[in-house]
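*Asks:* First, the structure itself, so that you have it in front of you.
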Amino acid sequence: GATIGILGGGQLGRMLSVAASRLGFRTCIFEPGADCPASHVANRHIQAPYEDERALRDFAASVDVITYEFENIPTSALDILEALKPVHPDRIALRVSQDRMVEKAFLNDLGLQTAPFAAVDDPADLARAMSEIGLPAILKTRRFGYDGKGQARIINPEDTDQALMDMAGAPAILEGFVDFTHEVSVIGARNTAGDVSCFDPGENVHEGGILRTTTIPARLSAAQRTDAVLLAGKILNKLDYVGVMGVELFVTTDGLIVNEIAPRVHNSGHWTQQGCSVDQFEQHIRAVAGWPLGDGSRHTDVVMENLIGDDMDRVPDLARDPAVSLHLYGKAEVKEGRKMGHANRVITKP
Ligand code: ATP
Ligand code: MG
Ligand code: MG
């Protein structure tokens with residue numbers, strides 16, 4: 001049988017490995033860390049840094065197709081891998097999603113709304129950007145941000161010194177603060193044949209920049225629901241994308257505004273494990289393996305709750321709850337702010 005190569009050994013890599021195994025594939029993960037969530041379930045773990053050319057070549061030689069669980073793959077590693085085996089999603093999707101400036105320009109070119117934005121490399125840029133965009137605003141690192149890390153809110157002009165310190169000299173972007181009523185996301189998939197399938201949009205609540213819950217269905221009008229799914233399809237088609245993508249949206253009285261896109265399975269898509277017969281992980285494996293997409297229609301309403309840090313203390317209670325399906329990542333150490341697992345609560349309809 002074929003082997004799927006996965007870059008990154010966190011919980012997303014773990015759940016991709018499980019889905020791949022269920023379809024009869026073997027899996028090989030590439031991950032610098034030793035005792036990582038995916039290493040407990042994959043057939044093989046190549047433990048090496050992304051700079052190790054020999055290890056990358058060994059990885060590529062032992063797999064049939066390569067995918068990844070995070071978007072910050074170094075370009076040098078991609079150069080090596082891509083010459084040896086197909087990489088899905090491809091480097092165009094990575095280039096667009098690795099840099100918030102490139103990402104927003106791409107979305108605007110597609111006719112999609114984003115927050116107003118400007119590049120900030122020094123204090124003079126910040127002053128200029130603030131007068132253009134206005135306050136409140138958010139200064140974010142252009143690259144490598146996740147879970148709200150590398151972001152600073154600017155409410156008053158006096159906040160700028162601290163905001164720049166928080167960026168520590170990294171190239172940044174100033175975004176106007178979007179006055180949204182709530183946040184939703186679309187998890188979309190596209191395969192090598194160009195078929196597109198989107199899961200129902202979920203409604204996301206963040207706490208301290210980290211996703212807390214996703215509730216399905218999201219509060220959206222029929223028109224908004226259609227808009228959300230169509231814009232996700234537009235993005236997938238424009239990128240000639242292969243795999244699953246997460247599209248984060250702000251819902252406003254003036255329509256949907258795209259926050260960011262993630263070229264991978266997405267935390268806000270974990271509800272699909274209990275809500276659909278084919279979940280986002282299987283859908284991704286199908287897409288990158290050249291299979292037809294599966295049926296991602298929702299058969300049950302679900303509330304997904306992330307188990308972060310000490311939330312793990314609630315596991316014994318959750319394990320007793322017949323409405324809850326638990327997904328634990330097998331991380332050895334509980335840390336504040338660390339995603340340890342999630343609970344999918346099935347909302348039974350009368
Ligand atoms: P992740 O990749 O884990 O989703 P991230 O670090 O890329 O996180 P963002 O998605 O940019 O972070 O922002 C995190 C949250 O902060 C958003 O989901 C939203 O709640 C809030 N936020 C971000 N940008 C804006 C904005 N321009 N206006 C209003 N709120 C925002
Ligand atoms: Mg992000
Ligand atoms: Mg986000």
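The values are calculated or read from the model by the stated rules, or taken from the named source; none is laboratory data. Computed from a predicted structure; not experimentally measured. FYI the Cβ positions are ideal-geometry reconstructions off the backbone, even for glycines, and counts take in every protein chain you see.
*Asks:* Out of curiosity, is D79 under 29 Å from Q224 (Cβ atoms), free of Cβ contacts under 8 Å to residues at least 12 places away in the same chain, surrounded by fewer than 15 Cβ atoms within 10 Å (Cβ to Cβ) and not assigned by TED's automatic domain parsing to the domain that holds L249?
*Replies:* On the way: under 29 Å from Q224 (Cβ atoms): no; free of Cβ contacts under 8 Å to residues at least 12 places away in the same chain: yes; surrounded by fewer than 15 Cβ atoms within 10 Å (Cβ to Cβ): yes; not assigned by TED's automatic domain parsing to the domain that holds L249: yes.
Judged against the criteria, D79 is not a match.
*Asks:* Moving on. Would it be correct to say that G188 is at pLDDT below 95 and under 18 Å from S268 (Cα atoms)?
*Replies:* Working: at pLDDT below 95: no; under 18 Å from S268 (Cα atoms): yes.
No: the conditions fail for G188.
*Asks:* While we're here: Which residues, counting only those in region 133-170, are among the hydroxyl-bearing types (S, T, Y) and assigned to a helix (DSSP H, G or I)? Show your work before the answer.
*Replies:* We begin by selecting, within region 133-170, every residue among the hydroxyl-bearing types (S, T, Y); these are 141, 146, 160.
T160, the sole residue that qualifies.
*Asks:* Return yes or no: is D161 more than 15 Å from ligand 3 (Cβ to nearest atom), in contact (Cβ under 8 Å) with a residue 40 or more places away in the chain and exposed (fewer than 13 other Cβ atoms within 10 Å of the Cβ)?
*Replies:* no
*Asks:* Condition first: assigned to a loop (DSSP other than H, G, I, E, B) and crowded, with 20+ Cβ neighbours inside 10 Å. Now tell me which residues in region 171-207 satisfy that.
*Replies:* First, pick out the residues of region 171-207 that are assigned to a loop (DSSP other than H, G, I, E, B): 171, 177-181, 191-195, 199-201.
The answer is N191, F199, D200, P201.
*Asks:* All but one of (1) within 16 Å of ligand 2 (Cβ to nearest atom); (2) hydroxyl-bearing (S, T, Y); (3) in contact with a helix residue (DSSP H, G or I) (Cβ under 9 Å, 6 or more places away or on another chain) hold for Y146; state the number of the condition that does not hold.
*Replies:* The single condition Y146 does not satisfy is (3).
*Asks:* Another question, then. Quick check: is even one residue across region 118-132 part of a loop (DSSP other than H, G, I, E, B) and either within 16 Å of ligand 3 (Cβ to nearest atom) or assigned by TED's automatic domain parsing to the domain that holds I261 (or both)?
*Replies:* Pass one, region 118-132, residues part of a loop (DSSP other than H, G, I, E, B): 121-122.
The next check asks that each one be either within 16 Å of ligand 3 (Cβ to nearest atom) or assigned by TED's automatic domain parsing to the domain that holds I261 (or both); those that pass are none.
No; the residues of region 118-132 include none that is part of a loop (DSSP other than H, G, I, E, B) and either within 16 Å of ligand 3 (Cβ to nearest atom) or assigned by TED's automatic domain parsing to the domain that holds I261 (or both).
*Asks:* Continuing with the same structure: Modelled with pLDDT of 95 or more and acidic (D, E): which single residue out of D179, D166, D159 fits that description?
*Replies:* Details: D166 fails: modelled with pLDDT of 95 or more; D159 fails: modelled with pLDDT of 95 or more.
Answer to the check: D179.
Each row is one residue, and each column tells you yes or no for (1) over 23 Å from D301 (Cβ atoms); (2) more than 16 Å from ligand 2 (Cβ to nearest atom).
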| position | (1), (2) |
| --- | --- |
| L164 | yes, yes |
| A168 | yes, yes |
| A172 | yes, no |
| A189 | no, yes |
| V196 | yes, yes |
| A218 | no, yes |
